[in-house]
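One structure is given here, and the rest of the page talks about it.
The values are calculated or read from the model by the stated rules, or taken from the named source; none is laboratory data. If you're wondering where the values come from, they're calculated on a predicted model, not measured in any experiment. Methodologically, a virtual Cβ is constructed for each residue, glycine included, from the backbone with ideal geometry; neighbour enumeration extends over all protein chains shown. SASA here: full protein model, heavy atoms, side chains in, ligands and nucleic acids out. Shrake-Rupley method; radii C 1.70, N 1.55, O 1.52, S 1.80 Å.
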Amino acid sequence: MWNNLIATVVLSSRLIGLRVLETVGFRTPRITFEKPEFEYVAKPSSIWYGDPELNGEGGFYQELISTEPVDYKYYAVNDGTRVQIAAKCVTSKLYGPKRFLSQVRPSPTLTRRLRRLVNRLGLRGVGVDLVKDDEGRFWAIDVNLAAGYRDSELELALCESIRMGLPNK
């Protein structure tokens, strides 16, 4: 297992994942367990049970942050020497197929929070999905231990991290 078992089990719960993100300093949207009157994203309780859906059915309901239909994907990889961070912008899959748009310069504040997450949970790698509201504030909407690192510019760090985690024989 690349990431540790405890973190994998804990972060498989979307609700716990959001709480963990709050604990390390990320802003997260409000959650309800009944369909709200406001625009929302329905999410399964576990990351294993499907994708979020705009105004659909789910285990819980997360407030939809007013934003462009764009997600910011932040990635962290611990390569055994340091925690490397990268970020990219993609179209939101709430509105259609996800497409890569561009690399973005990681925010120093978000980078510190992401490193705090990696260090507190002893992670080898993680992805955090964020959206930016009309006032320029970032909101963490999901955490993913099985992040897709394509177009992240961390592919070499990812390979080194996996290599460092293999037993020496």
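Points worth noting:
- Scope the range 125-165; condition in contact with a Leu (Cβ under 9 Å, 6 or more places away or on another chain), within 22 Å of residue 19 (Cβ to Cβ) and not in a strand (DSSP E or B); matching residues: 145
- Hits in the range 19-32 (condition: open to solvent by 10 Å² or more (accessible area, probe 1.4 Å) and in a helix (DSSP H, G or I)): 19, 20, 22, 23
- Number of positions in the range 38-67 that are part of a loop (DSSP other than H, G, I, E, B), farther than 23 Å from residue 137 by Cα and of a type outside the set (S, T, N, Q): 7
- The range 121-169: number of residues that are loosely packed, with under 13 Cβ neighbours inside 10 Å and at pLDDT 90 or above: 5
Okay, residues lined up against (1) modelled with pLDDT of 95 or more; (2) within 14 Å of the chain's Cα centre (by Cα); (3) of a type in the set (A, V, I, L, M):
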residue: 6; (1), (2), (3): no, no, yes
residue: 18; (1), (2), (3): yes, yes, yes
residue: 24; (1), (2), (3): yes, yes, yes
residue: 28; (1), (2), (3): yes, yes, no
residue: 31; (1), (2), (3): yes, no, yes
residue: 41; (1), (2), (3): yes, no, yes
residue: 64; (1), (2), (3): yes, no, yes
residue: 67; (1), (2), (3): no, no, no
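- Residues in the range 47-74 that are farther than 17 Å from residue 28 by Cα and hydroxyl-bearing (Ser, Thr, Tyr): 49 alone.
- Taking (1) small (Gly, Ala, Ser); (2) modelled with pLDDT under 95; (3) in contact with a strand residue (DSSP E or B) (Cβ under 7 Å, 6 or more places away or on another chain) in turn, residue 76 satisfies each apart from (2).
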